[in-house]
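The next block holds one structure in the form of structure tokens; read it before the comments.
The numbers here are math on the coordinates, done by the rules we state, and not lab data. Remember, predicted model here, so these are calculated numbers, not experimental data. All Cβ positions, even for glycine, are placed from backbone atoms using ideal geometry, and neighbour counts span all protein chains on display.
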Amino acid sequence: RKDSGMLSYKEHLPVSQVVVGDLDRPGSEAKVSVGPVRCQGDRNYWNAASFVTSSSHLHFSTFQGETSADISFYFKTSASDGVFLENLGNTDFIKLELKSATEVSFSFDVGNGPVEIVVRSPNPLNDDQWHRVNAERNVKQASLQVDQLPLEVRKAPTEGHTRLELYSQLYVGAAGDQRGFLGCIRSLRMNGVTLDLEERAKVTPGVKPGCSGHCTSYGMYCANGGKCVEKYNGYSCDCSKTAYDGPFCIKDVGAFFEEGMWLRYNFHSPGTSVKDLVSRTLLSSADPEITAPDLNLNKEELSFSFSTTKSPCVLLYVSSYTPDFMAVLVNPNGNLQIRYNLGGTKEPYNIDIDHRNMANGQPHTVNVTRNGRDIILQLDHYPPTSYSLPATSDIQFNSPKALFLGKVIEIGKIDQDIYKYSTPGFTGCLSRVQFNQIAPLKAALRPTNASSHVHIQGELVESNCGASPLTIPPMSAATDPWHLDSASADFPYNGQAIGDGVNRNSAIIGGVIAVVIFTILCTLVFLIRYMFRHKGTYHTNEAKGAESAESADAAIMNNDPNFTETIDESKKEWLI
């Protein structure tokens, strides 16, 4: 949508040379103006379609490539396999597919038997990035190339059939009962003709024009570094490179450590020599620069959660084949300490968090990031704090060996404080521990490829103790405004004046407002009673003397003389 920058090479400019001739005449001159740069491109280059279901496919007319076939396209996916395209004949066929996360296959049959060419990539091709495929076939040879990987070539037999005879429609995506491609394909050119994927996708169920998938809309729900993976009719979150679990990588993986328990994670597999570590990426993080090609780390990313009521203790310790080490511990006062020893200094470099008691039984989160000499520490919900290693300190963590949780059981010389704090062992909960891309607790509690690197002493019991919400402790007496000092004799303020008078003024203003509101309410009550004092009264035409009459009939008779006759007539009885 937006592109900007400086064009610094004239070869990239739309005008690379201006030649002006006939300059020998007196008074001659030339003036050249270059207007604004307009970006233009091939619309077909971004002609794309998204395949979102297992049966998603587009169909086109039969591919006419009897003696020559030139196919190129770009694809982007997070699925591990799928058919890009296929066209069938009676026995002949041509097909391009993603066989695995690292393999692209080009296969065909012109009557001499199936031929398959496979390009294997050292890196996964299902990384949700664009990759280019170029497949060619003629009567002499066939070739396949993916991105800038080496070209794979297969010579055609000197004798036999040479014509590719196809009869069915060309299917882009799923074909028959095969597993179709899941992801995006764009700029599909076959023998120089670009197929209009977008227009065909507009009228085809299961295919959308343009490039959009489930991960485009819902990938943000894969939390804590989880990778979104496209699935048929949905998506999933790959949590394998995180310390979390669950559908969205938000479930803590933690365990409760009893006193004397410990866990060791070896950075190399059992039986692997130190030199073999050069080719491993266990210590690499998401940042490609955080790798250990020379068994040295210039950067570390550490995060975990813990809760304990006992101090001192060692929470985490990273040893090495050299005197270098890194440790996170709780000192006897309950304060957190980060300790680095990378060489170049007489004493280890310590980061002390003295103003908070971390052995209070509540869960605490620790995040430590080191980049060279710079260290950033974040504790719980407090803002990150920056620190720096001394100028004389080395900035490389040399030859890391193992990571310990709960207790340090290491051969060789160990820092005296580390040894002293580690003697009783850690008691409490550790959760979501991650060092670069290593999750030692998850490797111990979940069967993964890294489980062989873990050694446990004691019974490790999984617990969700790290998922408990962080509670705010009661305020201390010094900061609690309602705290009453026991030495005070009288309540509320022991006869002493309030320093700034703010609380007293607030009380007076509140009292005045309450009195005014009460007065207004009373006035309204009296007004309402006065206005509706006649409500509910009524008048009757009662006979006079009704008050002294014995009954209502007697009152009427006394008041109406004609009523007597009526009564007399009514007293007559008739027998029928």
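With K and R counted +1 and D and E -1, the other residues having a Cβ less than 13 Å from that of GLY246 yield a net charge of +1. Applying the Karplus relation 6.51 cos²θ - 1.76 cosθ + 1.60 with θ = phi - 60° to the range 341-349 yields 3J(HN,Hα) values of 9, 10, x, x, 10, 6, 10, x, 8 Hz, where x marks Gly and Pro. All other residues whose Cβ lies under 14 angstrom from that of PRO157 are scored, Lys and Arg at +1 and Asp and Glu at -1, for a net of +3. Legend: distances between Cα atoms for LYS299/LYS401; LYS299/LYS420; LYS407/LYS442; pairs beyond 25 Å are LYS299/LYS420. The residues neighbouring VAL408, those whose beta-carbon lies less than 10 Å from its own, together hold a net charge of 0 under the Lys/Arg +1, Asp/Glu -1 convention. Taking amide H as placed 1.01 Å from N in the peptide plane, the amide H of THR62 sits under 5 Å from that of LEU170, each at least 5 places away or on another chain. Normalised Debye scattering of the range 44-209 at q = 0.13, 0.15, 0.18 Å⁻¹ gives log10 I(q)/I(0) of -0.57, -0.77, -1.12, counting only Cα atoms as equal scatterers and leaving out solvent. For the peptides 64-73, 243-252, 424-433, residues were scored by their other Cβ atoms within 10 Å and the scores averaged per peptide; the highest-first order is 424-433, 243-252, 64-73.
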